[in-house]
Structure formats: structure tokens, C-alpha cells
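Worksheet for the structure shown next.
FYI, it's all coordinate maths here, none of it is from the lab. This is a predicted model, so every value here is computed, not measured. In this analysis, Cβ positions are derived from the backbone assuming ideal geometry, glycine residues included, and neighbour counts consider all displayed protein chains.
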Amino acid sequence: MTTPLVDRTEAARAKALAWIQQGSKRLLIGGQWVTAASGKSFEVINPATEQLLCHVAEADSADVDAAVLAARKAFEASSWAAMSPHTRTRSLLRIADTIEAHIDELAAIESLDNGMPLWFAQGAVAATVDIFRYYAGWCTKVLGTTIPSDGSTLTYTLREPLGVCGQVIPWNVPVLMAAIKFANALCCGNTVILKPAELACLSSLRLAELVQETDLPPGVINVLPGFGPTAGAALAQHLDVDKIAFTGSTAVGKQIVRDATSNLKKVTLELGGKAPNVVFADADIEKAVQAAVKTFCSNSGQVCSAGTRLFVQESIHEQVAERVAQVAATWKVGDPFAADTRLGPLISARQRDRVREYIGVGQEGGAALRLGGNAWNGPGYFVEPTVFDNVKNNMRIAQEEIFGPVLSIIPFKNEDDAVLQGNDTTYGLSAAVWTKDVARAHKVVKALKAGRLWINTFGESDPAMAFGGYKQSGWGREFGQESIDAYTQTKSVMVRF
Ligand code: NDP
């Protein structure tokens with residue numbers, strides 16, 4: 001007999017709260033849960049209720065030093081470096097199985113900490129299971145090459161791990177971000193120090209506990225909740241960190257690059273986006289509308305790849321705009337644990353106020369407010385789905401990453417106009433095209449400057465499909481073969497007979 005949904009939700013919330021309230025949360029360094037060297041901690045607030053959830057130890061540069069030492073020791077230890085790839089595969093598979101057994105609990109922790117609806121969090125945690133299984137398969141396939149020679153030499157390459165990898169992640173879908181970064185680094189044989197955002201770090205801590213329950217040697221993963229300008233910057237600047245992988249805003253990404261010059265550590269950046277979602281007149285309009293609403297409303301718009309600029313061909317513009325507003329109006333805002341909630345709160349009062357400010361900017365700039373525009377005064381940092389119509393692509397609301405449930409509808413004339421306007425942004429993370437004309441679909445995706453594209457769908461993901469940005473949306477790729485390249489380096493060897 002299956003457990004009724006309401007009971008399953010309640011059980012998950014109770015389990016998550018029990019874990020959250022069971023003592024203050026610490027840093028993971030060298031396999032031990034420790035308090036911060038400074039003794040400091042910060043408060044974690046539930047964004048749906050504005051109530052205190054718990055205190056978490058606050059890492060800064062002294063803790064970063066300790067974690068780097070532990071990660072270096074683990075990297076050099078034979079228990080990790082000399083581990084057979086097959087054993088590493090089994091290790092990542094065990095992590096996947098452990099997470100799978102805790103999907104509801106991890107998802108409820110994420111909902112309490114970040115505010116996302118439980119159904120969305122459950123999907124995110126389920127995706128982390130697939131990610132660990134995907135990277136488990138890679139462990140035995142990190143291959144070198146042999147290079148043709150005249151027979152008097154043997155020349156070959158080895159692909160080797162980079163070493164100690166610093167990883168800085170944001171608050172928007174932390175459990176997924178942590179899993180992507182852990183799994184990718186570990187499958188290549190690196191060790192990691194993860195710094196989650198202080199606004200939502202609990203799922204990373206619980207994930208690390210679950211990973212610790214498997215047989216990873218101590219120091220292979222270290223987790224340091226703390227603030228960006230202190231703990232994050234110390235990691236990016238550290239002389240004994242070999243790589244820094246960052247997900248977050250473009251402004252901080254640029255700072256990470258400057259800090260990484262300290263020892264020329266390798267850098268990968270997954271930054272912001274302002275994705276064009278292009279709907280031609282011959283598209284399946286209802287499917288395009290449903291997907292357009294889903295992409296700008298999911299996780300209350302706090303998604304880097306969200307389709308926040310909806311380009312609609314002029315002849316169907318009025319029809320699509322009206323239907324988008326109708327559908328978005330049905331996306332209910334409320335308690336993340338209620339079964340019918342589609343949007344939870346934003347992460348913080350600051351983020352809510354920032355989004356509210358952008359809504360004001362849109363109105364003052366002359367965009368037509370077709371739906372929403374209201375933020376609740378609390379408790380909780382809620383903003384309604386908001387649709388602006390007849391937006392000009394050069395308006396701030398169409399150029400800047402708002403990170404809230406705000407859509408800009410922009411009419412276009414023809415293919416050339418859609419491509420010109422779609423590419424007219426500093427970002428290039430993702431894009432989509434809706435049309436029944438196969439030739440046009442491929443022509444337009446080729447012309448759009450973005451790292452991940454969809455045709456007649458939006459937002460679907462597969463860990464085998466590279467993800468990352470053109471232009472100021474980032475450097476390097478996560479997922480797929482490219483992500484293996486990003487966590488390894490090549491050694492070339494010549495043997496003379
Ligand atoms: P940030 O880019 O500031 O934060 C992302 C991560 O970087 C956090 O862990 C943060 O720490 C850390 N960080 C901040 N400053 C530094 C630094 N100098 N060195 C190292 N690490 C640092 O994003 P915000 O949280 O401030 O959000 C602002 C805007 O950025 C959003 O509104 C959105 O537009 C965009 N954004 C994009 C994301 C994406 O996925 N592409 C994700 C998050 C935000 P901490 O916050 O704990 O201080």
C-alpha cells in the first residue's frame with residue numbers, strides 16, 4: 001500500500017525539522033564535524049515564515065586553511081589517489097543509493113531552508129541521484145590517448161585529476177549544485193572543499209553527512225558554510241587550491257577570476273542568464289505557453305537558465321500574451337509544503353525587495369503590466385507571477401537578471417529579428433525555439449549564442465548534455481565529456497625503445 005501524499009509530506013517535514021533542530025550545524029573538515037575556528041555562527045531563516053531554523057558555524061579563512069590541508073592530505077593519500085576506478089564507481093553508486101533512500105528528507109530540508117515547493121525539491125534531489133550514477137559511469141572512462149609514432153618511441157597521454165578543488169555554490173537549488181560539483185570532481189579523483197551560500201546551506205550539510213556514511217576517505221569532501229567575501233574569497237585566493245568552480249552572479253564570477261590569479265588556479269564559471277524563448281506563429285501554441293509559464297515561475301524564477309524573455313511572433317502576439325497571463329494566474333503562491341503550491345517565497349527579504357524594485361523599473365520604463373506585480377508584506381518573501389507585455393529588448397527588465405517570477409514578452413517580426421533581439425544581451429546561457437518548421441528550428445538554434453538550447457521544449461536536462469555559457473554566462477561546461485575535461489589535466493609521455 002502506498003503512503004498518502006499528505007502523510008508522506010508531513011513525515012518528510014517532521015524528519016527534516018528533527019535533523020535541523022538536532023544541535024547546531026558544524027563545518028566538515030577532514031572527516032570531522034567541527035565548530036568554526038573563530039567560534040562564530042550565523043542564523044538560518046525559513047523564507048516562508050521568517051522564523052529561525054537553526055545556527056550554522058561560520059567558516060572564514062582559518063577554516064579554509066584547515067580544510068585545504070585536509071583535502072591536500074586526502075588527495076595525496078593512497079586510499080584515494082590509488083583507488084581503482086572500479087572501486088570509485090562503486091563508491092559513487094553507493095552515494096547515489098544513499099541519497100535515493102533519503103529523497104523526501106533532503107527535499108524537505110531544501111524546502112524549509114530555500115522556500116522552494118516540496119514537489120520541486122523532490123525533483124531536484126531525484127536529479128542528484130541520476131547525476132551521481134552518471135558520473136559513477138565515468139570513473140572507468142577517463143581515458144588518455146596513444147599518439148602515432150615511427151616505432152622507436154611510444155607516446156601516450158594520461159588524464160589526471162587536478163588536485164584540491166574549491167567549489168562555491170549559490171542558494172537557488174543548492175542540493176543539485178552541490179551534487180553536480182561533488183560527483184564531477186570525485187569521479188576524476190579530485191578532493192573538494194564546498195562553500196555553500198549562507199542563505200541556504202542545510203541541504204549541502206545533510207548531503208555531506210550522507211556521503212560520509214559511505215566509505216569515502218576522510219578529507220575527500222569538506223564543507224564550509226560561510227560568507228562569500230570571507231570564506232569564498234579565501235578559497236578563490238588560496239595558494240594550495242588547484243581549481244575553483246563557481247556558480248552564481250556574473251559580478252562575483254569576475255571577482256573569482258581576479259582572486260584565482262594568486263596561483264593561476266583553473267577556473268570554471270556557471271553564471272547568470274537572460275534566456276530568449278522564441279515562439280514562431282506555426283508553433284504548438286498551447287505547449288509553448290505552458291512551458292513559458294513553467295520556466296519563468298519554477299523556483300519563483302530563481303533559476304539561471306529560466307526563459308525570462310519570451311519572444312513572440314507579431315501575428316500571434318496578442319493570443320500568446322493573453323494565454324500566458326491566464327496560465328500564470330493559476331500558478332498558486334504559498335506554503336511550500338501545500339500540495340497545490342506552485343511558487344514558494346523568494347530566498348530573502350533582500351531578494352524580494354530587489355525583484356519588487358525591478359517590477360517598478362518595468363512600469364516606469366513603459367512596459368505593460370499584464371499580470372501580478374505584487375509582493376506580499378509577509379511573513380515570508382512572496383512575489384506573485386508577474387508578466388510584462390510589449391517590452392523593448394533594451395529595457396533593463398529585459399537585459400538584467402532579475403531572479404524572480406517576472407517575464408518580459410517581446411514581439412518580433414521574423415527569423416532575423418528574433419535572432420538579432422535574442423542575441424542582444426551580455427548573457428548566453430540557454431535559449432529555446434518553438435516551431436513546426438524543422439529547417440527553421442535548426443537554423444535559429446545555430447544562430448542563437450547560448451550554451452544550451454531546446455527545440456519545442458524548455459528546461460529539460462540530462463547529465464550527459466553539457467551545460468554552461470557563451471559570453472558573460474561563464475567559462476567551461478558542467479555535465480558531459482566537457483566536465484571531465486574541466487576536472488582533469490593532460491600529461492604527455494614519450495618512451496624511447
Ligand atoms: P552571488 O554570486 O553573490 O553568490 C553566489 C555564491 O558566491 C555564494 O556562495 C556567495 O556567498 C559567494 N560569494 C559572494 N561573494 C564572493 C566572493 N567575493 N568570493 C567568493 N565567493 C563569493 O549571488 P547572490 O546570492 O548575491 O545573488 C545575486 C544575484 O546573482 C541574483 O539575484 C541572481 O541574479 C544572480 N545569481 C545567479 C545564480 C546562478 O545560478 N547563475 C545563482 C545565484 C545568484 P554568500 O552568498 O554566502 O555570501
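One table, with the values for the structure above:
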item: Segment Met494-Val6, extension gain: residue separation times 0.36 nm, minus the distance between their alpha carbons; result: 169.3 nm
item: The chain: relative contact order as a whole-number percent, Cα under 8 Å and 6+ apart; result: 17 percent
item: Additional length obtainable on full extension of the chain from Ser249 to Trp376, 0.36 nm per residue less Cα span; result: 43.2 nm
item: Farthest toward positive dipole pole in the chain [+1 Lys/Arg, -1 Asp/Glu at C-beta], among Pro411, Phe382, Ala36; result: Ala36
item: Charge dipole magnitude, Cβ of K and R +1, D and E -1 - segment 345-434, Cα centre, debye nearest 20; result: 320 debye
item: Kirkwood-based Rg to Rh ratio, the chain, C-alpha trace; result: 0.99
item: Kirkwood Rh and Cα Rg combined as Rg over Rh, evaluated for segment 387-428; result: 0.95
item: Dipole of the chain [Lys/Arg +1, Asp/Glu -1 at C-beta], most positive-end residue of Ser24, Ala339, Thr247; result: Thr247
item: Kirkwood estimate for segment 1-156, i.e. one over the average of 1/r between Cα atoms, Å; result: 19.2 Å
item: Charge dipole magnitude, Cβ of K and R +1, D and E -1 - the chain, Cα centre, debye nearest 20; result: 920 debye
item: Segment 36-154: relative contact order in percent, alpha carbon pairs under 8 Å with at least 6 residues between; result: 24 percent
item: The chain - mean residue ellipticity at 222 nm from DSSP helices (-39,500 (n - 2.57) per run, n ≥ 4, rounded to 500); result: -12500 deg cm²/dmol
item: Whole-Å distance, taken between Cα centres, linking segment 387-425 and segment 264-322; result: 10 Å
item: Cβ-based net charge around Ser430, under 10 Å, with every Lys or Arg adding one and every Asp or Glu removing one; result: +2
item: In range of the label at Val361: residues from segment 298-331 whose backbone nitrogen is under 18 Å from the point 7 Å along Cα→Cβ; result: 301-310
item: Point-to-point label distance, Leu264-Asp462, nm (Cα→Cβ direction, 7 Å offset); result: 3.8 nm
item: Relative pair counts by distance (%), Cα atoms of segment 354-497, 10 Å bins; result: 10, 30, 30, 19, 7, 3, 2, 0
item: FRET efficiency, 1/(1 + (r/R0)^6) with R0 56 Å, evaluated for Ser24 and Glu400 via beta carbons; result: 0.90
item: Cα-projected label distance for Ala82 with Asp340, points at 7 Å along beta-carbon direction, nm; result: 6.3 nm
item: FRET efficiency, 1/(1 + (r/R0)^6) with R0 51 Å, evaluated for Thr146 and Glu213 via beta carbons; result: 0.80
item: Cα gyration tensor shape for segment 5-78, rounded if a/c is under 1.5, else prolate or oblate; result: oblate
item: Charged-residue dipole, Cβ positions (Lys, Arg, Asp, Glu), segment 89-200 about Cα centre, Debye nearest 20; result: 360 debye
item: Lys/Arg +1, Asp/Glu -1 at C-beta; the chain dipole; positive extreme among Gly468, Ala234, Pro161; result: Pro161
item: Cα-projected label distance for Lys287 with Asn390, points at 7 Å along beta-carbon direction, nm; result: 3.2 nm
item: Residue exposure sequence - Phe497, Phe246 - by fewest surrounding Cβ within 10 Å; result: Phe497, Phe246
item: Sites Asp240 and Glu50 - FRET efficiency at Förster radius 30 Å, r taken between beta-carbons, to 0.05; result: 0.15
item: Pairs from Lys287/Lys471; Lys141/Lys265; Lys254/Lys287; Lys15/Lys254; Lys15/Lys294 whose Cα-Cα separation, in the structure shown, is over 32 Å; result: Lys254/Lys287; Lys15/Lys254
item: For segment 327-413, alpha-carbon Rg relative to the globular expectation (2.2 N^0.38 Å, N residues); result: 1.10
